[in-house]
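For reference, the structure discussed in these notes is given below.
The values are calculated or read from the model by the stated rules, or taken from the named source; none is laboratory data. All of these numbers come straight from a predicted model, not from anything done at the bench. Here Cβ is always computed from backbone atoms with ideal geometry, including for glycine, and neighbour counts include all displayed protein chains.
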Amino acid sequence: MAALAFGRVEGRTYGWVTSIRPFDGLGLSWDGGLSPAFVALAVAALLLAWFVRRQVRLNRAGSDVEPLMNTRLYSISSFRNGNIATLVIGLGEFGIIAVLPLWLQFTLGCSALQAGAALLPLAVGSFFASGMSFGLAQKVSVVVLVRTGLALEAVALAALGVVAATTSAPWWAIILTMFAYGIGVGFATAQVTNVVLAALHPHRRAHARRASRPLRRGDHRQRGGRHRTARREPATESVAHAFREAMASGVALSACLAAGLLALGVLATLLIPSERPAIPREAEPETGQLTR
């Protein structure tokens, strides 16, 4: 994971395939040939492939070593399709959050405190929607709640893209879009794990949570590094104006792309059964066989 993070974050600095600038570290200098970012990504791919292959072998019957990941869970269609939907949802949900404070401060001229206050409605909407979702889950399918939340998120981010296209975006528009987005996050995030784990026997749910956690968290843990060099003091007013226009256009495009990914997430949830399968009251001992 360290090699993957380095390659993704530093590819623009040192080059994605060939080196464009020297890399100095650990007393060594890398100043030609393949980029260190490319090598890091290649090493990450090889190590991840080896890890998956080893886990598959350890999950076969007769192995005395307990695997870190129960890969047999992915043979269950609801779990596999649910994790695919979760990955798409994670890309759409967390991809835009990192750039919003930059846009608020560097384009709209907000202070750090004002930027935080502008994002507060997101947390408020998510807080109330999360609580409401558990009561609504007793009346409607949890998959319906997830789809509703994703649809709200997509609409809110599309509206944010329209707002961001105007550099003098009004505060009330930002607050409304953030609140609507927070409600969508609350509905979707609070129930998506239940959707993924619904078809699993209770004994297997701990393994399933560990197996699906990287799909939910793998992208947004690295978002800070990708934006760490965004702030540069413009030399002239014309450059500053061009910088603000470019930032506003970038946020608008990012919001629209995130809305598209969330709409794709809605389509991905169509692969998941709408009704939660019944789970026996008394769990029987695990036999190693998976039920589809």
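Before moving on, here are some points about what is shown:
- Inter-residue pairs, beta-carbon under 6 Å, first under 13 Å from Ala40 (Cα atoms) and in the stretch 6-30, second among the β-branched types (Val, Ile, Thr) and surrounded by 11 or more Cβ atoms within 10 Å (Cβ to Cβ), 6+ apart: none
- Where Ala98 falls short, out of the listed (1) closer than 30 Å to Thr177 by Cβ; (2) at pLDDT below 85; (3) among the small types (Gly, Ala, Ser); (4) outside any loop (DSSP other than H, G, I, E, B): (4)
- Inter-residue pairs, beta-carbon under 8 Å, first within 20 Å of Ala263 (Cα to Cα) and modelled with pLDDT under 75 and in the stretch 72-84, second aliphatic (A, V, I, L, M) and surrounded by fewer than 17 Cβ atoms within 10 Å (Cβ to Cβ), 6+ apart: none
- Output for the stretch 79-121, where each listed residue is under 19 Å from Ala151 (Cα atoms) and among the charged types (D, E, K, R): Glu93
- The listed residue being touching a Gly at 6+ places or on another chain (Cβ under 6 Å) and assigned by TED's automatic domain parsing to the domain that holds Val192, out of Val9, Val99, Val88: Val88
- Candidate set: the stretch 138-170, residues that are outside any helix (DSSP H, G or I) and in contact with a helix residue (DSSP H, G or I) (Cβ under 6 Å, 6 or more places away or on another chain); chosen: the one nearest to Ala258 (Cα to Cα): Ala165
- The listed residue being among the polar types (S, T, N, Q) and surrounded by 12 or more Cβ atoms within 10 Å (Cβ to Cβ), out of Ser29, Ser19: Ser19
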